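The values are calculated or read from the model by the stated rules, or taken from the named source; none is laboratory data. From a predicted model like this one, the values you see are computed outputs, not experimental measurements. With ideal geometry, Cβ positions are generated from the backbone for all residues, glycine too; neighbour counts draw on all protein chains shown.
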Amino acid sequence: GLAMILVSSCLAGLEVRYNGSHSLDSSVRDLIKNGKAIAVCPELMGGFSTPREPAEIVGGTGEDVLRGTAKVIEKSGRDVTELYIKGAYETLEKAKEVNASIVVLKEYSPSCGSTMIYNGEFQHKKMAGIGVTAALLLKNQVKVVSEEKLHSILAEIE
Ligand code: SF4
């Protein structure tokens, strides 16, 4: 079918973030409104609900999680790695299903971050790195961009 853009649900304005908020981006909302994009939330697809505990990747990045050398841990200590991996695979399936030309993902998330994530210390500190879903998409040659970089490529994808 016609290639679609897949976008993080929270960027589309859905209140699906861990704390029940959204991260509305007006360009993303317009893509949805114009029928060019559909919204997905890897964490909900992995089996989480909203609200949920904040989680960070501990011991590396999303690439390391896929390799089995890092974990995703909730603030209170629960290991949720498997749910994050499940959400990543579900998102990859969706991207294939809609023949996604590009996936626009919320920066800094342990699932969706594509250049920066939190460093695993739960101290609100960021580091260079990629989330679990973004890592799996890239590994499968699916193009990924953050909402921060979307604006510079909008002309190309519209
Ligand atoms: Fe869901 Fe990704 Fe947004 Fe987190 S950043 S709420 S996983 S869409």
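The set of residues in the stretch 94-131 being over 23 Å from GLY13 (Cβ atoms), touching a residue at least 12 places away in the same chain (Cβ under 8 Å) and among the aliphatic types (A, V, I, L, M) consists of ALA128, ILE130.
Listed by position, the helices (runs of 4 or more DSSP H) inside the stretch 49-158 whose residues that are under 30 Å from GLY35 (Cα atoms) and at pLDDT below 95 number at least 3 are 147-157.
Within the stretch 15-40, the set of residues being over 19 Å from LYS149 (Cα atoms) and either in a helix (DSSP H, G or I) or within 14 Å of the chain's Cα centre (by Cα) (or both) comprises VAL16, ARG17, TYR18, LYS33. Candidates in the stretch 1-24 are the residues that are aliphatic (A, V, I, L, M) and modelled with pLDDT of 95 or more; of these, the one that is nearest to the ligand (Cβ to nearest atom) is VAL16.
Could you tell me which of the residues ALA135, ALA88, ALA100 is touching a Pro at 6+ places or on another chain (Cβ under 7 Å), small (Gly, Ala, Ser) and closer than 24 Å to VAL28 by Cα? Write out each step before concluding.
Numbers: ALA135 fails: touching a Pro at 6+ places or on another chain (Cβ under 7 Å); ALA100 fails: touching a Pro at 6+ places or on another chain (Cβ under 7 Å).
The conditions single out ALA88.
Taken as a whole, the condition of being free of Cβ contacts under 8 Å to residues at least 12 places away in the same chain, within 13 Å of the ligand (Cβ to nearest atom) and either out of contact with any Gly (no Cβ under 8 Å at 6 or more places or on another chain) or closer than 22 Å to VAL80 by Cβ (or both) applies to SER49. Could you list all residues from the stretch 127-149 that are more than 12 Å from the chain's Cα centre (by Cα) and within 14 Å of the ligand (Cβ to nearest atom)? Scanning the stretch 127-149 gives a single hit, GLU148.
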